[in-house]
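Beneath this line is the structure, given in structure tokens, with notes to follow.
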Amino acid sequence: VLAVAVLVLPVAGEPARSIAPVLLAVALGVQLITVAIVQTGIEAPYGQAVSLRDNHRKVSVGRPNSTLRLSNGFGAYLADAAEVANRVGFARGTPMLDLTGRSPSTLYTMGARSTSQAWVIGGYRGSNNLAAAMMKRVSCDELSRAWLLTQPVGTTNISPEILSGFGASLKTDYEIVGTVVMSESFSGYREHWTQHLLKPTREADAARAACVAARSGNT
């Protein structure tokens with residue numbers, strides 16, 4: 001918009017008489033652009049399957065009386081995830097590592113403390129390396145207590161191999177205690193993704209010692 005103003009003003013004639021109409025036209029143009037951007041965001045929000053006008057389901061997230069309005073599909077998924085966490089005895093505030101790479105809001109709905117990053121994003125070149133690097137910034141005490149959220153099949157998964165960076169193994173040190181199905185993904189693809197909630201099976205002291213040993217061996 002500013003570029004157009006710079007190009008138009010020199011050919012608009014004498015500034016004293018013509019600059020006001022030109023600036024008025026530019027201001028109106030800016031408003032129209034803003035309206036178009038907002039309308040597009042409402043009707044086709046990034047990473048969501050439906051228009052914001054169709055978000056009718058209320059889901060509690062975070063603090064008491066804090067809710068989000070979501071689509072029926074995604075709202076049902078988050079409600080199921082929270083119910084599963086509650087059923088298996090997951091304590092609010094417990095650290096959790098999201099290896100799905102695609103569902104950052106799930107941990108907060110369950111009342112978990114997201115480990116290492118607010119969203120361990122997956123599906124991009126370098127996602128695993130970034131996740132492993134961020135894991136090194138987390139204390140062994142937190143990692144030894146962290147639960148996992150995994151998605152065995154999918155294109156955004158974070159490799160469970162990153163767990164070796166703090167002396168853990170998906171196969172031997174965790175057990176599946178709950179399952180939830182995401183029928184409406186964050187990318188808008190209407191597919192079914194099965195996710196597992198896993199809790200650590202080792203004693204916290206043993207897990208902490210393994211973490212310290214693994215990090216000592218890597219330095």
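The values are calculated or read from the model by the stated rules, or taken from the named source; none is laboratory data. Keep in mind that what you see is a predicted model, and the values were worked out from it rather than measured. As a convention, Cβ positions derive from the backbone with ideal geometry for all residues, glycine included, and neighbour counts pool all protein chains shown. Remember, those area values only see protein heavy atoms, side chains included, never the ligands or the DNA or RNA. Shrake-Rupley method; radii C 1.70, N 1.55, O 1.52, S 1.80 Å.
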Margin query: Condition first: within 22 Å of G75 (Cα to Cα) and buried (at least 18 other Cβ atoms within 10 Å of the Cβ). Can you find one or more residues in the range 166-180 that meet it?
Written below: yes
Check: With respect to V50, is the statement that it is in a loop (DSSP other than H, G, I, E, B) and either within 14 Å of the chain's Cα centre (by Cα) or free of Cβ contacts under 8 Å to residues at least 24 places away in the same chain (or both) true?
Finding: yes
Margin query: Which pairs turn up if I take residues in the range 130-151 that are touching a residue at least 24 places away in the same chain (Cβ under 8 Å) and over 14 Å from D98 (Cα atoms) and look for partners that are aromatic (F, W, Y) and open to solvent by less than 30 Å² (accessible area, probe 1.4 Å) with beta carbon separation below 7 Å, at least 6 apart in sequence or on another chain?
Written below: C140/F166
Check: Among A91, A118, A132, A82, which is the only one that is aliphatic (A, V, I, L, M), open to solvent by 10 Å² or more (accessible area, probe 1.4 Å) and more than 25 Å from V59 (Cβ to Cβ)?
Finding: A132
Note to self: Filter the range 141-159 down to the residues that are more than 21 Å from A81 (Cα to Cα) and either out of contact with any helix residue (DSSP H, G or I) (no Cβ under 8 Å at 6 or more places or on another chain) or open to solvent by less than 20 Å² (accessible area, probe 1.4 Å) (or both) and list them by number.
What the structure shows: E142, L143, S144
Note to self: Give me the residue from the range 94-110 that is in a loop (DSSP other than H, G, I, E, B) and open to solvent by 10 Å² or more (accessible area, probe 1.4 Å) and, out of that set, nearest to R69 (Cα to Cα).
What the structure shows: M110
Checklist line | Neighbours by Cβ (under 6 Å, 6+ apart or cross-chain): first from the range 158-185, farther than 30 Å from Y46 by Cβ; second at pLDDT 95 or above and assigned to a strand (DSSP E or B) | finding: Y174/L148; Y174/L198; Y174/P200; I176/H196; I176/L198; V177/L197; V177/K199
Notebook entry, point to check: Has the range 59-72 got at least one residue that is free of Cβ contacts under 8 Å to residues at least 60 places away in the same chain, within 18 Å of the chain's Cα centre (by Cα), closer than 22 Å to Y46 by Cα and part of a loop (DSSP other than H, G, I, E, B)?
Noted result: yes
